[in-house]
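See structure below.
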2 protein chains.
Amino acid sequence: MFFVSLIPIRPEGSSGPQPERSDAARNRERLLQAARELVAEHGVDAVTMDMLACRAEVGKGTVFRRFGNRAGLMMTLLSDAEAEFQQRFIFGPPPLGPGAPPVERLMAFGEARIRYIDKYGELARASEHSPHNRHAAPPALLWHRHIEMLLREAGVDRDPWLMASFLIATLDPERVLYALRSQGIEVARIEAGWREFAGRLLGCPPDAK
Amino acid sequence: MFFVSLIPIRPEGSSGPQPERSDAARNRERLLQAARELVAEHGVDAVTMDMLACRAEVGKGTVFRRFGNRAGLMMTLLSDAEAEFQQRFIFGPPPLGPGAPPVERLMAFGEARIRYIDKYGELARASEHSPHNRHAAPPALLWHRHIEMLLREAGVDRDPWLMASFLIATLDPERVLYALRSQGIEVARIEAGWREFAGRLLGCPPDAK
DNA sequence: ATACAAAGCGGACCGCAGTCCGTTTAGCTA
DNA sequence: TAGCTAAACGGACTGCGGTCCGCTTTGTAT
């Protein structure tokens, strides 16, 4: 599928000074293939870096050279889904994309994110376990800018930057997963809750069912 | 100081079947002493369990027998501060304690929590790094019940449980610390932001400065 | 073809959290 | 005081993420 990589998700840009050595390319494919298999077989949390190196028939150093750390690996596995998500809320059809009033876009954003977490939550959580720079990751910055913009459009003029930070905290994969998996809350209820939350925040009268 | 342990914070209750063996008591004191010293000297994140065992002149097994894991150790170090915090929002003077209108109590709760994180954030974060049961920890459950109650009193009748979850996510030590330490946001601004956020959520007209 | 630099590679190695299990000891009982 | 048992102890061990560094491969310049 086609997408514009607004913010580079993969660490290695395709327009670097050196393209990429052939053996490196081969190993990257091997690693991604093996990683997807292992995740499918054992689940995200059970996949270890040694396991991956072994399955891909590659040295452990190579794995870390490629992805930096475990979180980087998971981020790479998510990059397609993440790019599509970005695509949708920036260029896609309303209410998620431009065209709808900001309150509805905000509600749609949360709903989309919650469904995303329901689908990819374990990967998303694992991709954030980078030590001390979770919130500075490119996708997080983009979401933040987006929410902040919506808040401004909706007339939030008091520290919309912080308001956006608070709102995004609400959609943390860790917490949403806890509600979904451990508490057994249904997706629909969390979505409705988010709509209620966002609606209240922007002073919309609770949309009567 | 005096406090009521509403929800047991320390794993070992003082009223168990067997009181506590003398060597165990001695080692517990040694460990807590050593832990406080090490945290003061090197900071929370640099303290390792081996280090602690060594400083306390105790076997590593003893450390884990006592605290379960690293998060348990940090929780124990926090227990006094946490108990005092609980005390204040449940029995203390308004606006944090009972007596003030729910909106003001909610605002005060957030402010108090933010100051708490500014003071003990590193410990709080480390105490939550327990694998997969962060949100089920007794203090977190208590905060949740409290916020939910305040929301109900303030007239939030649509899924106050979920609303409380969302609100608490906002006060996550990890995120607040990121704003405070990495982004250099001043405590006062975050407090003001929280008031704004809580106020909007409960439909209060933004309290004119 | 050959030489050569740099990118890539691999696996031994490290530090840390957490476990296991044989040994020690406190405290009770006779 | 001697004996007994359960609790406590301690440190070797495991598994994992991540690093290091000497070796190999690739692509290029001659």
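The values are calculated or read from the model by the stated rules, or taken from the named source; none is laboratory data. Predicted model only: the values in this text are computed from it and were never measured. Heads up, the Cβs are rebuilt from the backbone with ideal geometry, glycines too, and the neighbour counts pull from every protein chain shown. With ligands, DNA and RNA removed, areas are computed over all heavy atoms of the protein, side chains included. Shrake-Rupley method; radii C 1.70, N 1.55, O 1.52, S 1.80 Å.
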Sort shortest first the distances from residue A:49 to its counterpart in every other copy, using label points 7 Å along the Cα-to-beta-carbon line, and give them in nm.
2.0
Separation between the residue A:140 and residue A:118 pseudo-spin-labels, each 7 Å from Cα along Cα→Cβ, expressed in nm?
2.5
For A:91, A:64, B:109, the accessible-area ranking with a 1.4 Å probe, largest leading, is A:91, A:64, B:109
Computed D for the range A:112-190, Stokes-Einstein, Kirkwood radius over alpha-carbon pairs, 4 °C, 1.567 mPa s, to the nearest µm² per second, is 96
Helix axis angle, A:160-169 relative to chain A longest principal axis, alpha carbon, degrees:
60
Computed for the protein assembly as shown: size of charge dipole around the Cα centre, +1 on C-beta of each Lys and Arg, -1 on C-beta of each Asp and Glu, debye to nearest 20, value 400
With Cα coordinates, the longest principal axis of chain B makes an angle with the long axis of helix B:187-201, in degrees rounded to 10, of 50
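Counting only heavy atoms of the protein chains, get the accessible area per residue of the protein assembly as shown (1.4 Å probe) and round it to a whole Å² value.
49
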Projected onto the charge dipole of the range B:69-201 (unit charges on the beta-carbon of Lys, Arg, Asp and Glu, signs +1, +1, -1, -1), the Cα from B:69, B:94, B:147 with the largest positive-side position is that of B:69
Can you pull the accessible area of residue B:119 for me, 1.4 Å probe, Å² to the nearest 10?
150
Expected 222 nm ellipticity per residue - DSSP helices of 4 or more, -39500 (n - 2.57), all of chain B, to 500:
-20500 deg cm²/dmol
Drop in accessible area of at least 50 Å² in the complex versus isolated chain, residues of the range A:168-208, 1.4 Å probe
A:169, A:170, A:174, A:175, A:178, A:189, A:196, A:197, A:200, A:201
Nearest 20 debye, what's the magnitude of the dipole of the range B:20-68 about its Cα centre given +1 on Lys and Arg Cβ and -1 on Asp and Glu Cβ?
240
If you roll a 1.4 Å probe over the range A:21-120 with all protein chains in place, what percent of the accessible area is carbon or sulfur?
53
Take the alpha carbon atoms of the range A:162-198, find their center, do the same for the range A:72-100, and report the distance between the two centers in whole angstrom.
18
Furthest towards positive pole of dipole, A:130, A:103, A:165, structure part the range A:69-201, Cβ charges
A:130
Log entry, pair A-B: total buried accessible area, probe 1.4 Å, protein chains only, in Å² rounded to 100, is 3600
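Which whole-number percent gives the relative contact order of chain B, counting Cα pairs below 8 Å spaced six or more residues apart?
Reported relative contact order: 20 percent.
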Selection from B:177, B:199, B:188 lying farthest towards where the dipole of the protein assembly as shown points positive, charges on Cβ
B:177
So if I place +1 on the C-beta of Lys and Arg and -1 on the C-beta of Asp and Glu, and nothing else carries charge, what would the dipole magnitude of the range B:69-201 be about its Cα centre? I want it in debye, nearest 20.
120
FRET efficiency for residue B:133 and residue A:153, Cβ-Cβ distance as r, R0 = 30 Å, nearest 0.05?
0.15
With the cut-off at 1.5 for a/c, could you classify the protein assembly as shown from its C-alpha gyration tensor as rounded, prolate or oblate?
oblate
Would you kindly work out, in nm and rounded to one decimal, the distances from the label point of residue A:98 to those of the same position in each other copy, ordered shortest first, with label points 7 Å along Cα-to-Cβ?
5.4
With chain B reduced to its Cα atoms and the Debye formula applied, log10 I(q)/I(0) at q = 0.16 1/Å amounts to -1.10
With a cut-off of at most 16 other beta carbons within 10 Å, and DSSP calling the residue loop, which GluC sites (Glu not before Pro) in the range B:132-209 qualify? Please list them.
B:186
Taking residue B:81 in one copy and the same position in all the others, each labelled 7 Å out along Cα→Cβ, what are the pairwise distances from the first, in nm, shortest first?
3.6
With DNA, RNA and ligands ignored, accessible area of residue A:143 (1.4 Å probe; Å², nearest 10)
30
